[in-house]
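All remarks here apply to the structure that follows.
The values are calculated or read from the model by the stated rules, or taken from the named source; none is laboratory data. All values reported here derive from a predicted model rather than from experimental measurement. With ideal geometry, Cβ positions are generated from the backbone for all residues, glycine too; neighbour counts draw on all protein chains shown.
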Amino acid sequence: MTIKIYTTPTCVYCKMAKEYFKSHDLQYEEYDVTKDRSKLDEMVAKSHQMGVPVIDIDGTVMVGFDRDYIEQAVKSGSGK
Amino acid sequence: MYDLIIIGGGPGGVAAGVYADRKKLKTLLITDEFGGQSKVSDEIQNWIGTKSISGFDLSKSLEEHLRAQKEIEISDDDLALSVAKIDGGFEVNTRKGKKYQTKTILIVSGSHHKQLGVPGEDKFNGKGVAYCSTCDAPLFAGKEMAVAGGGNSALEAVVDLLPYATKVYLLVRSDKLKGDPVTQDQIKASGKVQIIFNAEVQEISGDAFVDGIKYLDKTSNSVRELLVGGIFVEIGSAPNSDFIKGMVDLNEYGYVVVDSKNQRTSTPGIWAAGDITDLPFRQNNISAGDSVKALLDLYNYLNGR
């Protein structure tokens, strides 16, 4: 399972999502979209919008931090 | 049956929770998240006893303080959906499908972002229309931007945009700014901000993303257009009082009417404090203080005093 999170440095819900991943022993890759323009473009292309965080769990893309949604995506991704 | 159910996890809810535990009240606190609306603030400099703290750290410290109380029960990630009168008290239904019975209730559910309610706002939500400047301001680097509002949140959104946007139009409905003079000075000194008074946003337009807005210039009564890459909407707040409608008196704007001496609502057994109430000031410190006032009064009520 691959978890990608697109963030900005000041975004509270990004911090909450990262803390959630850490507390559940989930590995994630973080992209600070203020530092990497290509990742910003990738995030917008994936989510069709310009808000952070965007979380991509094995292709399931969600905007914002929603524990239930992450849980479901992790569960359905855990068999892969 | 609980002695008390606290609905809300901002500074008011936590303050009441700490006091309730010390009074040994059998208490449940229901909240969607901790910290209240200032959770997304970069920096809070007026939380008394703390020179400076981020909204995120304040929300964590509030949560920790509450969880340090031994007896209090917490249903987090949950939300009160409705309240009904039952024998000897009330029943609270929650988003998790639970029903809780209680003798008293303290409503500290706060308020949420008000929307402009203009064409294009929903369509472009997240596509140039934004409500969290600390989160999303950096995404608009190199663009000309608009901010709607004239209070502290609007001024802070401008400040958040200054390092990134090439220009910021601040659209103020009235003829003056209401936010703190310190922040007003900061944005005026930047040289990047054009403040437009008596401006009413009428439409947000674009293709895939926002490329412009229209506003009514009330001074000349003409509609003008600005080419901007996005707009942050910071026009104040609206109360989270839908779940309590019909149970307590609300004012015309939906805020819970309270007796400011003791925070009682129109319904015996229900108290309210903080941003949900009809008080004129919305502040973390006031929410905490008013909530403690409510708790002490409801403690007396439970003890028949």
Going through the stretch B:126-148 in order, the residues found to be at the interface with another protein chain (Cβ under 8 Å from one of its Cβ atoms) and not small (Gly, Ala, Ser) are B:LYS127, B:CYS132, B:THR134, B:CYS135, B:ASP136, B:PRO138, B:LEU139, B:PHE140
Among the residues of the stretch B:285-293, are any out of contact with any strand residue (DSSP E or B) (no Cβ under 7 Å at 6 or more places or on another chain) and among the basic types (Lys, Arg)?
yes
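Sort out for me the strands (runs of 3 or more DSSP E) sitting completely within the stretch B:25-112 that have 2 or more residues that are assigned by TED's automatic domain parsing to the domain that holds B:ASP259 and over 23 Å from A:ARG67 (Cα atoms).
B:80-86, B:89-94, B:99-107
Would it be correct to say that B:LEU116 is aliphatic (A, V, I, L, M), surrounded by 18 or more Cβ atoms within 10 Å (Cβ to Cβ) and part of a loop (DSSP other than H, G, I, E, B)? Break it down into steps so the answer makes sense when it comes.
Numbers: aliphatic (A, V, I, L, M): yes; surrounded by 18 or more Cβ atoms within 10 Å (Cβ to Cβ): yes; part of a loop (DSSP other than H, G, I, E, B): yes.
Here the answer is yes, as B:LEU116 does meet what is asked.
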Could you go through the stretch B:30-39 and let me know if any residue there is modelled with pLDDT under 95 and away from every other protein chain (no Cβ under 14 Å).
no
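Kindly indicate whether B:GLU200 is acidic (Asp, Glu), assigned by TED's automatic domain parsing to the domain that holds B:GLY229 and modelled with pLDDT under 95.
Details: acidic (Asp, Glu): yes; assigned by TED's automatic domain parsing to the domain that holds B:GLY229: yes; modelled with pLDDT under 95: no.
So B:GLU200 fails the test.
Criterion first (out of contact with any Lys or Arg (no Cβ under 6 Å at 6 or more places or on another chain) and either away from chain A (no Cβ under 14 Å) or exposed (fewer than 15 other Cβ atoms within 10 Å of the Cβ) (or both)) does B:GLN202 satisfy it? Before you say what the answer is, go through the steps one by one.
On the way: out of contact with any Lys or Arg (no Cβ under 6 Å at 6 or more places or on another chain): no; either away from chain A (no Cβ under 14 Å) or exposed (fewer than 15 other Cβ atoms within 10 Å of the Cβ) (or both): yes.
Spelling it out, it is not the case that B:GLN202 is out of contact with any Lys or Arg (no Cβ under 6 Å at 6 or more places or on another chain) and either away from chain A (no Cβ under 14 Å) or exposed (fewer than 15 other Cβ atoms within 10 Å of the Cβ) (or both).
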When the stretch B:103-118 is checked residue by residue, the ones that are over 14 Å from the mean Cα position of the chain (by Cα) and either without any contact (Cβ under 8 Å) to a residue 24 or more places away in the chain or over 22 Å from B:ALA288 (Cβ atoms) (or both) are B:LYS103, B:LEU116, B:GLY117, B:VAL118
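So, A:LYS18, is that one in contact (Cβ under 8 Å) with a residue 24 or more places away in the chain, crowded, with 17+ Cβ neighbours inside 10 Å and closer than 20 Å to A:GLU71 by Cβ or not? Working first, answer last.
Numbers: in contact (Cβ under 8 Å) with a residue 24 or more places away in the chain: no; crowded, with 17+ Cβ neighbours inside 10 Å: yes; closer than 20 Å to A:GLU71 by Cβ: yes.
No; evaluated as a whole, the condition is false for this residue.
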